[in-house]
Amino acid sequence: MAEKLFSTIGDESAMTELPFAFTLSLPEWAVAGFAALPEFVATAEQRMRLVLALARRNALENSGGPFAAAVFEHGNGRLVAVGVNRVMPANCSSAHAEVMALSLAQQRLQVYDLGGPGQPTFELVVNWRPCAMCFGAVLWSGVRRLTIAGSGPQLENLTGFDEGPLPRQWRAELARRGIVVTEGVLRREAIDLFRWFGASGRTVYNARRG
């Protein structure tokens, strides 16, 4: 079985037909604009406003869904990394904004655990409650704080996206792992963004709500 499975090794034409690696990246507008972002962002409202601006720009540029995230050092507000939704451009269902921001922060800092020894307290700021997948990503990332605009049904109702099932006690699960949740930061602005997106007719890539 193994011999048959690996019988194509050495056959370059067969090997090149299969993907063996993939790359996720921010859209060009986000890469070009990162240098213009402030190095330090003082307050929760200012951090969320930055995230909301990224989310809206991502939708306007048709470079992904209306979602963005950023990783900050909680104490001094140093901006470590940003992420926007890249599912459709990357043909990758896991390329959510949270995954992008967390992964880019880990790559920048060269650590896989953002809560490891000697690390500052890192905060993930997102323009709504993480979906079922990104809830897991938050747990394993090591961030010690999660700041969100809201957590109700408005995102799904206004846009049609399927956020998946979360544990009923998801806040308690985060708290049990030492992750502090701050909720309701610029909630109205976030809902306005979702309302605009839902009315825009833009593609909703996973409208298969259970």
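Measuring gaps between exposed loop sites in the chain (trypsin sites (Lys or Arg not before Pro); DSSP loop; at most 15 other Cβ atoms within 10 Å), the longest gap, sites not included, is 1-167. Computed on the Cα trace of the chain, the radius of gyration divided by the Kirkwood hydrodynamic radius gives Rg/Rh = 1.02. Give me the accessible area of residue 162, 1.4 Å probe, in Å² rounded to the nearest 10. The accessible area comes out at roughly 40 Å².
Accessible area of residue 25 (1.4 Å probe, protein heavy atoms only, ligands and nucleic acids ignored): about 60 Å². Taken along the Cα-to-beta-carbon direction at a fixed 7 Å, the label points for residue 140 and residue 109 span 1.8 nm. If R0 is 45 Å, the Cβ-Cβ spacing of residue 17 and residue 37 corresponds to a FRET efficiency of close to 0.65. Against the chain, whose longest principal axis is taken from its Cα atoms, helix 44-60 shows a tilt of about 50°. Could you pull out which residues in region 121-138 have an amide N less than 20 Å from a spot 7 Å beyond the Cα of residue 196, following the Cα-Cβ vector? 126-129, by backbone N distance to the label point.
For region 190-200, the Karplus equation 6.51 cos²θ - 1.76 cosθ + 1.60, evaluated at θ = phi - 60°, returns couplings of 5, 5, 4, 4, 5, 5, 4, 5, x, 7, 7 Hz by residue, with Gly and Pro reported as x. Using amide H atoms built in the peptide plane, which far-off residues or other-chain residues are under 5 Å from residue 41 H to H? Result for residue 41 returns 78, 79.
By the helix-only formula, in which each DSSP H run with n ≥ 4 contributes -39500 (n - 2.57) and the sum is divided by residues, the chain has a 222 nm mean residue ellipticity of -11000 deg cm²/dmol.
Our Cα-only numbers for region 52-128 put the radius of gyration and Dmax at 12.8, 40 Å. Against the chain, whose longest principal axis comes from its Cα atoms, helix 132-141 is set at around 90 degrees. What the phi angles of region 168-178 give under the Karplus curve with 6.51, -1.76 and 1.60, with θ = phi - 60°, is a coupling list of 4, 9, 5, 5, 5, 5, 5, 4, 5, 9, x Hz, glycine and proline written as x.
Cα centroid separation, region 63-113 to region 134-210: 15 Å.
The values are calculated or read from the model by the stated rules, or taken from the named source; none is laboratory data. None of these values were measured; they are calculated from a predicted model. Backbone-built Cβ (ideal geometry, glycine too); neighbour counts: all protein chains shown. Surface accessibility is based on the protein's heavy atoms, side chains included, excluding ligands, DNA and RNA. Shrake-Rupley method; radii C 1.70, N 1.55, O 1.52, S 1.80 Å.
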